[in-house]
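Here is the structure we will look at, set down as C-alpha cells.
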Amino acid sequence: MELKAIFMTFFIITTLVSFAYPSLGQEDVDDEPLVKSGPEMDAVEAISPASQDYNMYMLENLPPKFTTYLENCMDKMGPIFRRCNEDVIEEILTKKPVSRECCRKVVKAGKECYVEIRKLMFQFYQLKRFSSQVSFRTNEVWERCSSENIINSLT
C-alpha cells in the first residue's frame, strides 16, 4: 500500500511540474530548422498518388461549415493565398522568413484563420509528420508577422 501511495505522489508531482514547465519535457531544438531548404524541402512537397488519395479523403470528410469557414479565410488573403501559404509553411519548417506582403495578408486574415489553416495544412500527408513539432513555430511566425505589421503601420 505504501509503494502505491509513493508512486501516485510521484506521478501527481511529475504531472503538475510538466504543466507548469512544459519545456522541461522537450529538447531545445527550436533553433534548428525541421527541414533544410532546397532538395529536402522539395521532397516534402512531392505528392504521390497514395498521399493525394489520403489528402482528398481528409478534405472530403471535413464538416461543411468548417470548409466554408476555411474558404472565407483563404478569400481574406486574396489571390496571393497559395504562394503565401507555401511561404509560411516553408518558414515554419526551414526558418526562411516570409515576405512582408505575405505577412500583411496573414495578419489581415486574422489569427484564428491563420491557426486553423495551419492546423489543416499539417494534416496533409506530406506535412503530417511535422504536426507535433510546429505549434511553437507557427506561433512564432504569427508573432513576427503581427509585430512587423504593427511597426509598418506606425511608420
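Residues that are under 18 Å from Ser146 (Cα atoms), open to solvent by less than 80 Å² (accessible area, probe 1.4 Å), in a helix (DSSP H, G or I) and of a type in the set (Phe, Trp, Tyr): does the range 63-72 have at least one? Spell out how you get there, then give the answer.
Looking only at the range 63-72, we keep the residues that are under 18 Å from Ser146 (Cα atoms), and these are none.
No, that holds for no residue.
Which is surrounded by fewer than 13 Cβ atoms within 10 Å (Cβ to Cβ), modelled with pLDDT of 90 or more and part of a helix (DSSP H, G or I), of Glu112, Glu91?
Numbers: Glu91 fails: surrounded by fewer than 13 Cβ atoms within 10 Å (Cβ to Cβ).
Every option except Glu112 fails the conditions.
Residue by residue, here is whether (1) free of Cβ contacts under 8 Å to residues at least 24 places away in the same chain; (2) closer than 15 Å to Asp75 by Cα; (3) among the acidic types (Asp, Glu); (4) open to solvent by less than 80 Å² (accessible area, probe 1.4 Å) holds:
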{"site": "Arg104", "(1), (2), (3), (4)": "no, yes, no, no"}
{"site": "Leu120", "(1), (2), (3), (4)": "no, no, no, yes"}
{"site": "Lys128", "(1), (2), (3), (4)": "yes, no, no, no"}
{"site": "Ser132", "(1), (2), (3), (4)": "yes, no, no, no"}
{"site": "Arg137", "(1), (2), (3), (4)": "no, no, no, yes"}
{"site": "Trp142", "(1), (2), (3), (4)": "no, no, no, yes"}
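List every residue pair whose Cβ atoms sit under 6 Å apart, with the two residues 6 or more apart in sequence or on different chains, where the first one lies in the range 81-99 and is over 16 Å from Cys113 (Cα atoms) and among the hydroxyl-bearing types (Ser, Thr, Tyr) and the second, anywhere, is open to solvent by less than 30 Å² (accessible area, probe 1.4 Å) and part of a loop (DSSP other than H, G, I, E, B).
Hits for this filter: Thr94/Val35.
The values are calculated or read from the model by the stated rules, or taken from the named source; none is laboratory data. Just so it is clear, the model here is predicted, and its values are computed rather than measured. Cβ atoms come from the backbone with ideal geometry, glycine included; neighbour counts cover every protein chain shown. Areas reflect the complete protein model, heavy atoms only, side chains present, ligands, DNA and RNA absent. Shrake-Rupley method; radii C 1.70, N 1.55, O 1.52, S 1.80 Å.
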